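Bear in mind that the values in this text are calculations on the coordinates, not laboratory data. The shown structure was predicted, so the numbers you read here are calculated from the model rather than taken from an experiment. Glycine gets a Cβ as well: all are built from the backbone with ideal geometry, and neighbour counts include every protein chain shown.
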Amino acid sequence: MPEPHSAPDPRGAAPRFRRPAPLTFEPPGESADPERFFDLESITDPRELLARSTQLALAFRAAADRAVEFQAMAAAQLADPGRFDRLPDAAIAERADWTEDYARKMVEFGRELMRSRPVD
């Protein structure tokens, strides 16, 4: 399985938390037609189809980036030397289906995110 891409800003700036585009409706749970996807197949106007499919692609991309940030923060918390049940990088890698090297990078990314996270 290929390693997921981390979500830091490529310009080196602190990661930005982006909100995904709002989904105007949720897909039905179990559909009789497995080809149905957010009702895109019923849109006949190509301009509308492009606009709606682009919204969905951006929303899913933002959601994936945000999920990776949460993965990194969880990995950093699990690797925290102050925890009595601290996990080594190899154990984190195994749980997340990552390489050990990637787990180390995600732990560091998670630590950076937690340092830069605003305190409530």
Say each of Ala67 and Ser116 gets a label point 7 Å from the Cα, pointing the same way as Cα to Cβ; how far apart are those two points in nm? 2.2
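To the nearest 0.05, what FRET efficiency results for Asp80 and Ala57 with a Förster distance of 30 Å applied to their C-beta separation?
On the way: r = 35 Å, r/R0 = 1.18.
FRET efficiency, Asp80 to Ala57: 0.25.
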